[in-house]
Amino acid sequence: MSDLQIKYCDPFNHLDSVTLHYKLRSHAVSDKWAQRLVLAQSKYDIDDPGRFYGIGSIEQQQQHALQLINDCINTINSFESIIDRQLVQVDDQDTLNYLHHTFEIYHGLLDQQTHELWQRAPEVVRRALADLNILVHRCESVYRGAQPRHVVTWYGLPKTEQLDQQDYALFEDTVQFGIVYLNYVEIGKTLDDLAVDNDQYISDDAFRPFRHYSADFNVKFWTDDSRQVDQKRAKIKEYYDKNLEFFAEKNLPWGHPYLTSGSIPLADLDEDLDVIPQLTNRQWVKSVKLI
């Protein structure tokens, strides 16, 4: 297997489709990820084939994100009123942090669904609690620039595999157009997230380095500006320096692999197309194939 083939279609007309090809990179993580992808597809459907970001007008994206997250809050509260806020603006980071913390409490971290509310909640409420995390990040994405990308996940596949120490050398913290990246599957926040979010609600246990991986991936359709990358790197180092005691207690000196920024690139777009116009009306992943 050397290629990844993704077919995109109109969510209301699956016959209206376009297929993009991505060339797999030759490294160990790409191989390990491909094995998880084959396993996921043998047992599960894609969780949300329409999980696209940054395509369409900002106004449409804001309205869509607010509707989704407030509907999610209402579903949870219809079972038990545990959330005392609605989101009025997508850039209300304090409320987003509060909602993310609510998710951490009632959903639990990776493979830790033990809260009594979770245990007695019906499936629709459990799904809403799980979606709360995703929808917080959707809102953050919109107000931080709404860069075009899509995410493909298989929620049911157990997150049992971990990166090896040498795998962290493959991380890249500068996004390049048309690259398929390994998706973060931990439930919590990395050093990158903590630095950007300025989260006052997160518990110590919810700091989760990028350790586990699954079949999940994302495809990004933009290229980072080098100046913004430098600013982000400086912000991450500043956050680390301000919280030295916290990281020292976890035996994580600066430069430790678990503090590595970015993600691992898995494949590169192998097409000479103006991609965004092709996807504007085809924001639905019809199929994913390794060939």
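The values are calculated or read from the model by the stated rules, or taken from the named source; none is laboratory data. What you see is a predicted model, and the numbers here were worked out from it, not measured in a lab. Virtual Cβ from ideal backbone geometry, glycine too; neighbours counted across all protein chains shown.
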For this session: Keeping to the stretch 1-13, report how many residues are in a strand (DSSP E or B) and more than 29 Å from P265 (Cα to Cα).
Result: 1
Problem set entry | Residue that is modelled with the lowest pLDDT [pool: residues in the stretch 53-102 that are of a type in the set (S, T, Y) and surrounded by fewer than 16 Cβ atoms within 10 Å (Cβ to Cβ)] | S57
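Could you go through the stretch 62-73 and let me know if any residue there is assigned to a loop (DSSP other than H, G, I, E, B) and at negative phi. First the steps, then the outcome.
Step one: filter the stretch 62-73 for residues assigned to a loop (DSSP other than H, G, I, E, B), giving none.
No, that holds for no residue.
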For this session: Output the residues belonging to the stretch 106-130 that are closer than 29 Å to Q283 by Cβ and free of Cβ contacts under 8 Å to residues at least 60 places away in the same chain.
Result: E123, V124, V125, R126, R127, A128, L129, A130
For this session: Of the numbered conditions (1) surrounded by 20 or more Cβ atoms within 10 Å (Cβ to Cβ); (2) in the same structural domain as S78 (by TED's automatic domain parsing); (3) at pLDDT 95 or above, V124 fails exactly one; give the number of that condition.
Result: (1)
Problem set entry | Members of the stretch 127-142 found to be in contact with a Phe, Trp or Tyr (Cβ under 7 Å, 6 or more places away or on another chain) and farther than 19 Å from R85 by Cα, listed by number | S141
Exercise. Does G54 satisfy being closer than 19 Å to L135 by Cα and in contact with a Lys or Arg (Cβ under 7 Å, 6 or more places away or on another chain)?
Worked result: yes
Exercise. Residues in the stretch 31-49: is at least one assigned to a strand (DSSP E or B), modelled with pLDDT of 95 or more, farther than 19 Å from K220 by Cα and not hydroxyl-bearing (S, T, Y)?
Worked result: no
Exercise. Considering the stretch 1-47 alone, what residues qualify as being polar (S, T, N, Q) and either over 23 Å from R282 (Cα atoms) or within 20 Å of the chain's Cα centre (by Cα) (or both)?
Worked result: S2, S26, S30, Q35, Q41, S42
For this session: Go through the residues of the stretch 229-247 one by one and say whether even a single one is part of a loop (DSSP other than H, G, I, E, B) and modelled with pLDDT of 95 or more.
Result: no
Exercise. For the subset of the stretch 40-52 comprising residues that are of a type outside the set (D, E) and under 25 Å from Q147 (Cβ atoms), which member is surrounded by the most Cβ atoms within 10 Å (Cβ to Cβ)?
Worked result: F52
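Within the stretch 159-170, how many residues turn out to be assigned to a loop (DSSP other than H, G, I, E, B), closer than 23 Å to I134 by Cβ and in contact with a helix residue (DSSP H, G or I) (Cβ under 9 Å, 6 or more places away or on another chain)?
Residues that pass the stated criteria total 1.
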Problem set entry | the stretch 174-221, residues that are surrounded by fewer than 16 Cβ atoms within 10 Å (Cβ to Cβ) and at pLDDT below 95 | N198, Q200, S203, D204, D205
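Let's see how each residue does on (1) touching a Leu at 6+ places or on another chain (Cβ under 6 Å); (2) of a type in the set (A, V, I, L, M):
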| position | (1), (2) |
| --- | --- |
| A169 | no, yes |
| T174 | no, no |
| Y181 | no, no |
| I187 | yes, yes |
| D192 | no, no |
| A195 | no, yes |
| R208 | no, no |
| D216 | no, no |
Exercise. Is there a residue being surrounded by fewer than 15 Cβ atoms within 10 Å (Cβ to Cβ) and of a type in the set (F, W, Y) anywhere in the stretch 237-247?
Worked result: yes
